[in-house]
1. Summing +1 for each Lys or Arg and -1 for each Asp or Glu, what net charge is found among the other residues whose Cβ lies under 13 Å from the Cβ of Val28?
2. Of Pro75, Gln202, Thr173, which is farthest along the charge dipole of the chain in the positive direction, counting Lys and Arg as +1 and Asp and Glu as -1 at C-beta?
3. Considering the options Asn51, Gly66, Thr25, tell which one lies farthest towards the positive end of the dipole of region 2-87, charges being +1 on Lys and Arg and -1 on Asp and Glu at the Cβ, about the Cα centre.
4. How do Val234, Val15 line up, fewest other C-beta atoms within 10 Å first?
5. Which one is right for this structure if P(r) over Cα pairs in 5 Å bins from 0, in percent is calculated from it: [x] 1, 6, 11, 15, 17, 16, 14, 10, 6, 2, 1, 0; [y] 1, 6, 13, 18, 21, 18, 13, 7, 3, 1, 0; [z] 1, 5, 9, 11, 12, 13, 13, 12, 10, 7, 4, 2, 1, 0, 0, 0?
6. Where does the longest stretch of the chain lie that holds no trypsin sites (Lys or Arg not before Pro) found in a DSSP loop with 12 or fewer other Cβ atoms within 10 Å?
7. What size of dipole, in debye to the nearest 20, comes out for the chain about its Cα centre when the only charges are +1 on Lys and Arg C-beta atoms and -1 on Asp and Glu C-beta atoms?
8. Compute the signed sum of charges (Lys and Arg +1, Asp and Glu -1) over the other residues within less than 12 Å, Cβ to Cβ, of Ile44.
Amino acid sequence: MAKSRTGLPRIVAVVNQKGGVGKTTTAVNIAAALAEAGHQTLLIDLDPQANASLALGFNRGSGLTGYDCLIGDVPMSSIVRPTGTPTLSFVPSSVDLAASEIELVDVDGRERRLADSLDDYLSESGDLEFVVIDCPPSLGLLTVNALAAATDLVVPVQPEFYALDGLSQLTHTVGLVRQGLNARLRISLVCITMIDSRIAAQQHSADELRAHLGSLVARTTIPRDDGLSVAPGVGATALKMLPDSPGARAYRDLMIDLLDAVDSPALGSDSAGDNDSERRRSA
């Protein structure tokens with residue numbers, strides 16, 4: 001069981017201010033892979049587009065969402081919904097979340113609304129091992145709320161020239177959040193997504209990312225796979241709809257990389273060991 005040093009579950013925010021990098025796909029399928037492996041997991045959809053919610057079968061406009069939690073002081077326990085997997089539950093999103101950034105401007109402690117609500121929920125739900133948060137593609141107040149709550153960040157990036165530049169902006173924001181809101185926050189894993197091994201420029205960019213970031217970059221890369229984009233359209237994760245597809249297999253391996261990263265005492269450390277990684281992969 002991978003838990004934070006404070007004894008609480010690992011709270012993993014999947015974040016990148018750049019859109020189109022596979023952020024929601026990564027959040028949904030990492031959460032599904034953790035649940036499939038037996039880890040009690042809660043997915044929080046904090047993106048007003050609500051695509052993660054749709055991938056779990058949520059119908060827009062059908063009840064309470066994370067907006068009510070952030071703005072209306074509704075307890076998270078009243079919002080959490082089950083899925084077809086007993087070990088996976090989720091907090092749905094709605095377009096109303098887009099307005100919350102304006103509504104929260106004059107609210108005291110606005111950066112910690114999610115963290116406070118989640119803390120209350122975790123005090124009631126002692127069996128959770130992981131919370132995965134799907135963030136919007138921005139560094140606005142919703143994302144800051146996720147950073148204030150999280151223990152670990154997973155950053156999906158495409159293998160392209162501007163990836164490192166975007167990471168530097170995120171790293172700056174993380175530094176500010178660590179100083180003022182959440183000292184336990186760390187970037188635990190950078191994940192290269194939507195890679196096509198036939199494109200030499202992408203391979204070069206992936207090599208550049210590894211050269212600059214070292215062990216912070218996940219060993220597993222996520223391939224371009226139509227199944228990853230088709231599954232959400234029918235309200236399913238790729239792991240459930242296409243369990244043997246290249247994308248589903250890759251996200252299971254990425255989940256193992258994440259377990260190794262959160263177990264590691266040092267940022268980007270490989271101290272979990274290759275042998276343990278191989279044992280998990282073969283289990």
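1. -2
2. Working it through, the farthest residue towards the positive pole turns out to be Gln202.
3. Thr25
4. The order, fewest Cβ neighbours first, is Val234, Val15.
5. [y]
6. Here the longest run is 61-197.
7. Roughly 420 debye for the chain.
8. Charge balance near Ile44 sits at -2.
Taken together, the values in this text are just the output of simple stated rules run on the coordinates, not laboratory data. Note that the structure is predicted; figures quoted are calculated from it, not measured. With ideal geometry, Cβ positions are generated from the backbone for all residues, glycine too; neighbour counts draw on all protein chains shown.
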